[in-house]
Amino acid sequence: MSTAASPHQTIKFQQGQNIVLIGLSGPSSSGKTTVAKALTCLFENSILVHLDDFYIPDEQIPVDPIHQEKDWDCPEAIDFDKFVEYIENIKKGILSEVKTLESDVTLKLSKDEISEYRRKIPSTPDTLYVFVDGFMLFHDPEIISLFDLKLFFYASFDTLKYRRESRSGYNTEAGFWVDPPNYFENIVWPQYVKNHNYLFIDNDVNKELNTYAIKDLGLLSYQNESKTTLNDLIQWSIDSILN
């Protein structure tokens, strides 16, 4: 987790450059950030934006009224006004850098695998790929409409819980956050269900995406369960982008 910082060093894109905004979303531990970082490494002309860099200040994070814990997983924890303005500026060809607390990722791919992926990705000097990852990108159709391509990663309760609880914690602007006991089942999962069940058949996140999500909103989805490999996720994402 990280908090929004004051933008600095305005960067203007090349005149006439085509900007493609790609949103990667899904519940916590669904693989979206790992894939987004990998794609940014593989696409030669690309940048990465993290929704987590638009958290409101730590001391203002809402407190869950039932469990009396900070709720980092609700939409109200994000400054969406600032985020939307930021994305709309990108569409205009202006990017203001934002300080990020997201750690760099070391791709768990061999040099040969990286070379093979890059060989399959055509050179597009006139196109800038803007990868945006975040757990609440698809909770609101208006936010979804900001993106040219929408990749949605999801998994079962048990898979997500195991992955989330395997993490040591998260960097924040004010320090380091460690999930309290039962945080996933009390906070993370209920917020995911509450804000995303409208995308699923019968409003059931254990089922597949519904027609509205696929046809009207244009979401492409991948169920990332325990047997899924990073190569599976990367190859599907590249195919989705190039197609």
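Every number in this text was worked out from the coordinates using simple rules, so none of it is lab data. All values derive from a computational prediction rather than experimental measurement. Methodologically, a virtual Cβ is constructed for each residue, glycine included, from the backbone with ideal geometry; neighbour enumeration extends over all protein chains shown.
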May I ask you to derive the FRET efficiency for D81 and D112 from their Cβ-Cβ distance with R0 = 35 Å, giving the value to the nearest 0.05? 0.20
At R0 = 25 Å, FRET efficiency that the Cβ-Cβ distance of E59 and R167 yields, to 0.05: 0.65
For region 8-242, the convex hull over Cα atoms projects on average to an area in nm² of 13.3 nm²
Sum -39500 (n - 2.57) across every DSSP H segment of at least 4 residues in the chain, then divide by the residue count to get the 222 nm mean residue ellipticity, nearest 500. -8000 deg cm²/dmol
Do me a favour and compute the ellipsoid semi-axes for region 175-218 from its Cα gyration tensor, root of five times each eigenvalue, largest one first, whole Å. 28, 12, 6
Two pseudo-spin positions, 7 Å from Cα along C-beta at S103 and at V20, lie apart in nanometres by 3.1 nm
Principal axis dimensions, region 50-89 - Cα atoms, whole angstrom, descending: 38, 14, 14
Give me the aspartates and glutamates in straight-line cross-link reach of K227: C-alpha distance below 15 Å, same-chain residues under 8 apart excluded. D158
Of 144-153, 173-182, ordering from highest average Cβ density within 10 Å down gives 144-153, 173-182
